[in-house]
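Chemist: Got a structure for you, written out below as structure tokens; questions coming shortly.
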Amino acid sequence: MPSAIVTGATGILGREIVHRLGNNQKQWDSVYAISRRKGEEFPASVRHTFVDLFGSADAIAEDLEGARAEYVFFSAYVEKASEQESWQVNGDMLQNFLAALEKTGVAKTLKRVILVTGAKHYGVHLGPSKNPLQEADERLTQAPFPPNFYYRQEDILKAFAEKHPHVSWVVTYPNDVIGLAKGNFMNLATSVGIYAAVSKELGEDLAFPGSEEFYTMFDSFTDSKLHAEFCEWAALEPRAANESFNVVNGDVHSWQTLWPLLARKLGMKVKSDQFAEAQQKIKETELVEKPPISIYESELGLEGRIRRGKIQQMVDLVQWSKQPDVKQAWERLADREGLEKDALDKATWGFLAMVLGRNYNIVMNMTKARNIGWTS
């Protein structure tokens, strides 16, 4: 039976990959889970090791001494203030990690490396893209688009596979991930849950904090457990070799349905005219002047009709989280329900504001994976 190494083992996606492999001991002999911080208890077949991927290849190789693997799942990620910093740091992490595998001899036994990236590959953080998003879409490498560290990581991985012809690769593109990871709050479920719980504690209706336009538009979500299942399948599926894949739940959803459903679950209601004061309350941030879809505008017959993307907020979530009444409400909730008191401060409110505030659709196509056998 094969062994695996999983990086980013305490993150929202890496954690589920570790559990998926660790709980399938008939398929996986052992799993080496590596991270920079301590997480929860993993299944018995999992060996959790603390490895600093910021280190040199030599330092990483020393920390990986004794690890063996035929498959690697690389899901480590570090958020940085600028796109250039993200390009440098996240690219260097992967490059040094792969070099470390060469130094330890693991590269000789490797069969496949699965690289976890995201829909940021398509520039969804920059503005409207051509929908649906498909794996064959062009990279955004020309000005005015900023560096995209996912491109650098993909190129590093492909160069490694060319150097080691017995190694194949797979890249995944999840989007707006929903899952569980203790201490990791770049997660829709956590941030939305805190926002809703505090609103209820304050006796308020559940007001949608994002864009009125996006409220009735469409988004694609990725359940972290489904993504882990996909990664295991893609690692072992011969036809998945040397391919990249969108990985979303397969359905397309809209907050116009999800938001009232969430309100009912919590015994709350959505105000019937929640956007009535939109013009007075809205905070708006313009994205890049030429959005990703602009590279296709002539081909699509949309020349001169492409609009700039915006992030629109009915509620400034970063400022909301700092309000005294919000902090006091969360403290009451945390004391009463046994919750982590620092969760309010750790939640990534800027991330949630971006996800809910976009004024454009994000629809991801799963045809490529389904054509080679993915059915979940």
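Chemist: Those residues that are surrounded by 17 or more Cβ atoms within 10 Å (Cβ to Cβ), assigned to a loop (DSSP other than H, G, I, E, B) and in contact with a helix residue (DSSP H, G or I) (Cβ under 8 Å, 6 or more places away or on another chain), I need them from region 120-144; list them, please.
Modeler: Within region 120-144, Gly123, Val124, His125, Leu126, Gly127, Pro128, Ser129, Lys130, Glu135, Asp137, Leu140 meet the criteria.
Chemist: Somewhere in region 73-88, is a residue under 22 Å from the mean Cα position of the chain (by Cα), part of a strand (DSSP E or B) and modelled with pLDDT of 95 or more?
Modeler: Within region 73-88, one or more residues are under 22 Å from the mean Cα position of the chain (by Cα), part of a strand (DSSP E or B) and modelled with pLDDT of 95 or more.
Chemist: Ser86 - would you say it is buried (at least 23 other Cβ atoms within 10 Å of the Cβ) and of a type in the set (Ser, Thr, Tyr)?
Modeler: No; evaluated as a whole, the condition is false for this residue.
Chemist: Another question, then. Could you check Trp349 against (1) under 30 Å from Ala276 (Cα atoms); (2) more than 19 Å from the chain's Cα centre (by Cα) and say which number it fails?
Modeler: Condition (2) is where Trp349 drops out.
Chemist: Could you say whether any residue in region 166-182 is part of a helix (DSSP H, G or I) and either surrounded by fewer than 21 Cβ atoms within 10 Å (Cβ to Cβ) or β-branched (Val, Ile, Thr) (or both)?
Modeler: no
The rows are residues; the columns are (1) touching a Cys at 6+ places or on another chain (Cβ under 7 Å); (2) closer than 25 Å to Gln323 by Cβ; (3) modelled with pLDDT of 95 or more.
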{"site": "Ala196", "(1), (2), (3)": "no, yes, yes"}
{"site": "Glu201", "(1), (2), (3)": "no, yes, yes"}
{"site": "Asp219", "(1), (2), (3)": "no, no, yes"}
{"site": "Lys265", "(1), (2), (3)": "no, yes, yes"}
{"site": "Lys281", "(1), (2), (3)": "no, yes, no"}
{"site": "Pro291", "(1), (2), (3)": "no, no, yes"}
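Chemist: Turning to a different aspect of this structure: It is to be established whether one or more residues within region 299-308 are free of Cβ contacts under 8 Å to residues at least 40 places away in the same chain, on the phi > 0 side of the Ramachandran plot and not hydroxyl-bearing (Ser, Thr, Tyr).
Modeler: yes
Chemist: Quick check on this structure: which one of Ile114, Ile34 is surrounded by 21 or more Cβ atoms within 10 Å (Cβ to Cβ), among the aliphatic types (A, V, I, L, M) and in contact with a helix residue (DSSP H, G or I) (Cβ under 7 Å, 6 or more places away or on another chain)?
Modeler: Ile114
Chemist: Could you please find all residues in region 145-165 being assigned to a helix (DSSP H, G or I) and not acidic (Asp, Glu)?
Modeler: Within region 145-165, Phe149, Tyr150, Tyr151, Arg152, Gln153, Ile156, Leu157, Lys158, Ala159, Phe160, Ala161, Lys163 meet the criteria.
Chemist: Please tell me if Leu180 is farther than 17 Å from Leu356 by Cα and among the hydrophobic types (A, V, I, L, M, F, W, C).
Modeler: Yes, satisfied.
Chemist: For region 54-83, give me each residue that is farther than 19 Å from Leu110 by Cα and crowded, with 19+ Cβ neighbours inside 10 Å.
Modeler: Tyr77
Chemist: Scanning for something in a loop (DSSP other than H, G, I, E, B), surrounded by 18 or more Cβ atoms within 10 Å (Cβ to Cβ), touching a residue at least 12 places away in the same chain (Cβ under 8 Å) and in contact with a Gly (Cβ under 7 Å, 6 or more places away or on another chain), does region 224-235 turn up at least one residue?
Modeler: Within region 224-235 (the criterion being in a loop (DSSP other than H, G, I, E, B), surrounded by 18 or more Cβ atoms within 10 Å (Cβ to Cβ), touching a residue at least 12 places away in the same chain (Cβ under 8 Å) and in contact with a Gly (Cβ under 7 Å, 6 or more places away or on another chain)), the answer is no, since none of the residues qualifies.
Chemist: For region 57-64, check the following and say yes or no: at least one residue is touching a strand residue (DSSP E or B) at 6+ places or on another chain (Cβ under 8 Å), at negative phi and free of Cβ contacts under 8 Å to residues at least 60 places away in the same chain.
Modeler: Yes, region 57-64 contains at least one residue that is touching a strand residue (DSSP E or B) at 6+ places or on another chain (Cβ under 8 Å), at negative phi and free of Cβ contacts under 8 Å to residues at least 60 places away in the same chain.
Chemist: Quick check on this structure: which one of Gly373, Gly338 is on the phi > 0 side of the Ramachandran plot, outside the structural domain of Leu126 (by TED's automatic domain parsing) and in contact (Cβ under 8 Å) with a residue 60 or more places away in the chain?
Modeler: Gly373
Chemist: Another question about this same structure. Any chance you could count how many residues in region 185-198 are surrounded by 20 or more Cβ atoms within 10 Å (Cβ to Cβ), part of a loop (DSSP other than H, G, I, E, B) and either at positive phi or in contact with a helix residue (DSSP H, G or I) (Cβ under 8 Å, 6 or more places away or on another chain) (or both)?
Modeler: Summing the residues that are surrounded by 20 or more Cβ atoms within 10 Å (Cβ to Cβ), part of a loop (DSSP other than H, G, I, E, B) and either at positive phi or in contact with a helix residue (DSSP H, G or I) (Cβ under 8 Å, 6 or more places away or on another chain) (or both) in region 185-198 gives 1.
Chemist: Taking the conditions exactly as written (of a type in the set (S, T, N, Q), outside the structural domain of Pro165 (by TED's automatic domain parsing) and part of a loop (DSSP other than H, G, I, E, B)), does Gln256 satisfy them or not?
Modeler: Spelling it out, it is not the case that Gln256 is of a type in the set (S, T, N, Q), outside the structural domain of Pro165 (by TED's automatic domain parsing) and part of a loop (DSSP other than H, G, I, E, B).
Chemist: Continuing with this model, one more query. Take the residues of region 38-53 that are at pLDDT 90 or above, touching a Lys or Arg at 6+ places or on another chain (Cβ under 8 Å) and assigned to a loop (DSSP other than H, G, I, E, B): which is surrounded by the fewest Cβ atoms within 10 Å (Cβ to Cβ)?
Modeler: My answer is Asp52.
Chemist: Further question: Output the residues belonging to region 96-119 that are touching a strand residue (DSSP E or B) at 6+ places or on another chain (Cβ under 9 Å) and assigned to a helix (DSSP H, G or I).
Modeler: The answer is Phe97, Leu98, Leu101, Val106, Thr109, Ala119.
The values are calculated or read from the model by the stated rules, or taken from the named source; none is laboratory data. This structure is a prediction, so every number in the text was calculated from the model and none was measured. Because the Cβ atoms are built from the backbone with ideal geometry, glycine has one as well, and the counts that use them run over all protein chains shown.
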